[in-house]
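> Have a look at this one before I ask anything.
The values are calculated or read from the model by the stated rules, or taken from the named source; none is laboratory data. Quick caveat, the model's predicted, so the values are computed rather than measured. Here the Cβ is made from the backbone with ideal geometry for all residues, glycine too, and neighbour counts use every protein chain on show. Side chains included, ligands, DNA and RNA excluded: accessible areas come from the protein's heavy atoms. Shrake-Rupley method; radii C 1.70, N 1.55, O 1.52, S 1.80 Å.
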Amino acid sequence: MKQNIVKTRLKNNQPVLGVLSNSNDPTVAELCGYSGLDFYMIDGEHSSVTTSEVQNIVRACELSGITPLARVRSNDPKLILQYLDAGVMGIMMPAISTVAEAEALVQAVNYPPMGSRGFAPVRANEYLLGSMNQGEFVAFANEQLLVLAQIEDKEAIDNLDDLLTVEGIDGFVIGPRDLAMSMGFYDGPGHDEVKRTIAGVVEKIRKAGLIAGTTAATGDQARALIDRGVLFCLNSFAGLLKTASSDFMKGRG
């Protein structure tokens, strides 16, 4: 396991931009790395990506210099463990609404004494063949792994003050579309009430000294979010492809 460049940037109050991808093709991750993005987040929730495919996606990320992260489909410690053992350097967990759920995430991601993650000779720790002994690696991994909780419903908003006190959570990523539906706006997050709610959540996260993240469809949107203190911005792979295709097709007239 190497230094988590994304987490280092975030700790230094520097923004990071990346992609959430539902592709199981390592070439896609490799292309994203060579394109200059900061992180490649494997979408294990809204995709058919399996844990057996994660290792090669992570290898492609490492080869092309992009930080591999993953959104895992459920807050299952054994499932999270498989992603981490493959070399993923951070976990974003969807639909974290309660303190108990946030604490369970922290426990699953971290080794003791911060958590309860199990230890084995896997590629994340160079199969125990690297330069670190077990104690050194455990401490290093706990320091480098990025732990993000997604805020996607009204319950999370109601519990936000308590969620912000959970030790071991590095930040919170707002899912605007699901949050809007939870608030009764089934046509999307463009409503003023949703926008005000998101702005309030971002402000609270920042005041707590934690990372605030959300989605950005364009570079201009990302810049506007960064100016408001959002440091973790992600687009979907489909969104990036659509934007690039639309821009390219302008040439046809």
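> For the range 219-244, how many residues meet the condition of being open to solvent by 60 Å² or more (accessible area, probe 1.4 Å) and in contact with a Ser or Thr (Cβ under 7 Å, 6 or more places away or on another chain)?
Number of matching residues: 2.
> Mind telling me which of the residues Val194, Val202, Val173 ends up being more than 20 Å from the chain's Cα centre (by Cα) and either charged (D, E, K, R) or modelled with pLDDT of 95 or more (or both)?
Details: Val202 fails: more than 20 Å from the chain's Cα centre (by Cα); Val173 fails: more than 20 Å from the chain's Cα centre (by Cα).
After ruling out the rest, the residue left standing is Val194.
> Still on this structure, I have one more. Name the pairs whose Cβ atoms lie under 6 Å apart, with the first residue in the range 95-106 and more than 12 Å from Leu148 (Cα to Cα) and among the small types (Gly, Ala, Ser), the second at pLDDT 95 or above and not in a loop (DSSP other than H, G, I, E, B), and 6 or more positions between them or separate chains?
Ser97/Glu155; Ser97/Ala156
> I need a count of the residues in the range 127-167 that are in contact with a Pro (Cβ under 9 Å, 6 or more places away or on another chain) and surrounded by fewer than 17 Cβ atoms within 10 Å (Cβ to Cβ).
Total satisfying the criteria: 3.
> When the residues of the range 190-205 are narrowed to those that are among the charged types (D, E, K, R) and over 10 Å from Leu160 (Cβ atoms), which ends up surrounded by the fewest Cβ atoms within 10 Å (Cβ to Cβ)?
From the range 190-205, those among the charged types (D, E, K, R) are 192-193, 195-196, 203-204; that's our starting set.
With the extra rule that they be over 10 Å from Leu160 (Cβ atoms), the set shrinks to 192-193, 195-196, 203.
Numbers: Asp192: 7, Glu193: 12, Lys195: 13, Arg196: 10, Glu203: 13.
Filtering first and then ranking leaves Asp192.
> Can we say Thr165 is outside any helix (DSSP H, G or I), closer than 18 Å to Pro15 by Cβ and of a type in the set (Ser, Thr, Tyr)? Steps first, answer last, please.
Working: outside any helix (DSSP H, G or I): yes; closer than 18 Å to Pro15 by Cβ: no; of a type in the set (Ser, Thr, Tyr): yes.
Spelling it out, it is not the case that Thr165 is outside any helix (DSSP H, G or I), closer than 18 Å to Pro15 by Cβ and of a type in the set (Ser, Thr, Tyr).
> Can Arg252 be described as at pLDDT below 95, among the charged types (D, E, K, R) and open to solvent by 50 Å² or more (accessible area, probe 1.4 Å)? I'd like the intermediate steps shown before the answer.
Numbers: at pLDDT below 95: yes; among the charged types (D, E, K, R): yes; open to solvent by 50 Å² or more (accessible area, probe 1.4 Å): yes.
Judged against the criteria, Arg252 is a match.
> Additional query: Hey, does the range 127-140 have a residue that's more than 22 Å from Val6 (Cα to Cα), outside any loop (DSSP other than H, G, I, E, B) and among the hydroxyl-bearing types (Ser, Thr, Tyr)?
Yes, that holds for at least one residue.
> Please name all residue pairs, on different chains or six or more residues apart, with Cβ atoms under 7 Å, provided the first residue is in the range 194-209 and is touching a residue at least 60 places away in the same chain (Cβ under 8 Å) and outside any helix (DSSP H, G or I) and the second residue is acidic (Asp, Glu) and open to solvent by 70 Å² or more (accessible area, probe 1.4 Å).
Every condition considered, no pair remains.
> With (1) touching a residue at least 60 places away in the same chain (Cβ under 8 Å); (2) touching a Leu at 6+ places or on another chain (Cβ under 8 Å); (3) buried (at least 17 other Cβ atoms within 10 Å of the Cβ); (4) not acidic (Asp, Glu) as the list, and Val28 as the residue in question, which single condition is left unmet?
Of everything listed in (1) touching a residue at least 60 places away in the same chain (Cβ under 8 Å); (2) touching a Leu at 6+ places or on another chain (Cβ under 8 Å); (3) buried (at least 17 other Cβ atoms within 10 Å of the Cβ); (4) not acidic (Asp, Glu), Val28 misses just condition (2).
> How many of the residues making up the range 140-184 are more than 21 Å from Glu103 (Cβ to Cβ) and free of Cβ contacts under 8 Å to residues at least 40 places away in the same chain? Break it down into steps so the answer makes sense when it comes.
At the first step, the residues of the range 140-184 found to be more than 21 Å from Glu103 (Cβ to Cβ) are 140, 176-184.
Applying the additional criterion that residues be free of Cβ contacts under 8 Å to residues at least 40 places away in the same chain yields 176-177, 179-184.
Residues in the range 140-184 being more than 21 Å from Glu103 (Cβ to Cβ) and free of Cβ contacts under 8 Å to residues at least 40 places away in the same chain: 8 in total.
> Still on this structure: Condition check: in a strand (DSSP E or B) and either free of Cβ contacts under 8 Å to residues at least 60 places away in the same chain or among the hydroxyl-bearing types (Ser, Thr, Tyr) (or both). Does Ala70 satisfy that? It would help to see each step written out before you state the result.
Numbers: in a strand (DSSP E or B): yes; either free of Cβ contacts under 8 Å to residues at least 60 places away in the same chain or among the hydroxyl-bearing types (Ser, Thr, Tyr) (or both): yes.
Here the answer is yes, as Ala70 does meet what is asked.
> Next up: Anything in the range 10-51 that is under 20 Å from Gln144 (Cα atoms), within 14 Å of the chain's Cα centre (by Cα) and outside any strand (DSSP E or B)? List them, or say none.
Of everything in the range 10-51, those that are under 20 Å from Gln144 (Cα atoms), within 14 Å of the chain's Cα centre (by Cα) and outside any strand (DSSP E or B) turn out to be Leu10, Pro15, Leu37, Asp38.
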